[in-house]
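Novice: Sharing a structure here in structure tokens format.
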Amino acid sequence: MPRSNQTKQLLAQSLQELMATTPLEKISVNDIVDHANVGRNTFYYHFEDKYDLVNWYFQSGITRFLVELSAYSSWNALLAALETYFLENKVFYCNALAYNGQNSLQQYMFDYLRSIFEQNVRELNPDASAEDTRKIGQFFAGAMMGILIPWVLSGMKSNALSNMSELSIPVFNHEIMQKLLRGGDTLIAQGLVSDVLLWAGWRCGLAGWNVWGLGIAASCYCLFYLGTVLRRTTREGIPTYQRGIFFAAAFAVLLILGQLGSVGLAGNGYSSPIFLLPASLAGWVLVREAACLTAPLPCVRAVLAYLGRATMPIVILHFLSFKLVTWLGLLATGREPYLLAAFPIYFTGGAWWLAYTAAGLVLPLAANAVYKKIKNTVLAH
């Protein structure tokens, strides 16, 4: 082994031993070099900082491990190899992956896995554009990270990665990747991928992991897929009475589910995928059937069209409008002013939702009307 690599291994071993008892963020470069009995200049000759050392240790170790196992052939083989490798270095990676700041191992792993997937895209289809190659690499790397990180942060207590192999999602030489590259009908392939991502997004939510919004993206992908399926399968010309039945059924389902849990995709929070899917489907059916039932009513259609044209002012200003309701409520109840910082609302239950809804619509619409009036006046001159 070259002398340079021997020094790097010595520093890596020193860091690994320190991480057995101390969180990575609390370990300094001085701690590492003192434990390794080398000078600071030696450390900075090889690495920029301790996170660079962590990334080098991962890259050198995992590459050698995967090559020895020939684990690049399929999604299943890669997951199984990663599980074995992380379990063999459990203390180190549970510690190192708990940090997700600048120059983190999480970011380095994402880039490393993306490069693996991009290479296999190029092997499967040499004519694939650089943009398509990059997007597919990011897609599967994000899915892999969504599975790995929650498992590691939970202490690697379950054989979650081995169980994932039962889903059989080979990425490298299976028809899923081939269809993505050929641009054919990918509905079935997307369904399989969306199942994996939904499971990964749910696990991310349980672990509180949402770096770069990947946890939310993984959860939401299945909803976009479900919307695509509905668009392709929904037929037109449904009788009004059937739409009324669908509307009532969706409303009843939401009432029942509302007693069992809630969905908060802004924070990737939901009790389980089995809860998320029917809740989302019922919500969509409710909105669609309500729109279809009210379409023949000119006044309702006009109101909805007006709200649709004012979507951006409502989206931008509704949170600020909520603050007015909260402020008035605090004045009326004599509570402390600092509670105004509650986000997005402070008061819940009772009729408060009516006040927040009214303010979230009326105030942005009024502001938008004033803005248009001023704009037209200025342009007229």
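Read-outs throughout are calculated quantities, based only on the coordinates presented, and are distinct from any laboratory measurement. Model, not experiment: these values are computed from the prediction. Cβ coordinates were reconstructed from backbone atoms using ideal geometry, including for glycine residues, and neighbour counts include every protein chain displayed.
Novice: Between rounded, prolate and oblate, where does the chain land on the alpha carbon gyration tensor, with a ≥ b ≥ c its root eigenvalues, rounded for a/c under 1.5, else prolate if a/b exceeds b/c?
Specialist: Note, shape of the chain comes out prolate.
Novice: Of the cross-linked pairs LYS90/LYS135; LYS8/LYS50; LYS26/LYS157; LYS26/LYS50; LYS8/LYS157, which ones have a Cα-Cα span greater than 21 Å in the structure shown? If you can, show how the numbers build up before the last one.
Specialist: On the way: LYS90/LYS135 31 Å; LYS8/LYS50 12 Å; LYS26/LYS157 25 Å; LYS26/LYS50 11 Å; LYS8/LYS157 31 Å.
Distance filter (> 21 Å) returns LYS90/LYS135; LYS26/LYS157; LYS8/LYS157.
Novice: Take peptides 268-274, 218-224, 339-345 and line them up by average Cβ neighbours within 10 Å, highest first, as a rough protection proxy.
Specialist: With the highest mean Cβ count within 10 Å placed first, the list reads 218-224, 268-274, 339-345.
Novice: Enumerate the helices in the chain for which the Kyte-Doolittle hydropathy averages -1.0 or more and the C-alpha atoms extend at least 18 Å along the helix's axis, using complete DSSP H runs. Write down the numbers at each step before the final one.
Specialist: Details: long enough: 3-19 (24 Å, -0.75); 50-69 (29 Å, 0.10); 75-88 (20 Å, 0.71); 105-124 (28 Å, -0.47); 130-153 (33 Å, 0.70); 187-207 (29 Å, 1.17); 214-233 (29 Å, 1.04); 240-260 (30 Å, 1.41); 273-294 (31 Å, 1.38); 311-333 (32 Å, 1.59); 352-380 (42 Å, 0.77).
Those that pass (Cα extent of 18 Å or more, hydropathy at least -1.0) are 3-19, 50-69, 75-88, 105-124, 130-153, 187-207, 214-233, 240-260, 273-294, 311-333, 352-380.
Novice: For the stretch 329-381 and the stretch 295-323, what is the centre-to-centre distance using only Cα atoms, to the nearest Å?
Specialist: Answer, in whole Å: 14.
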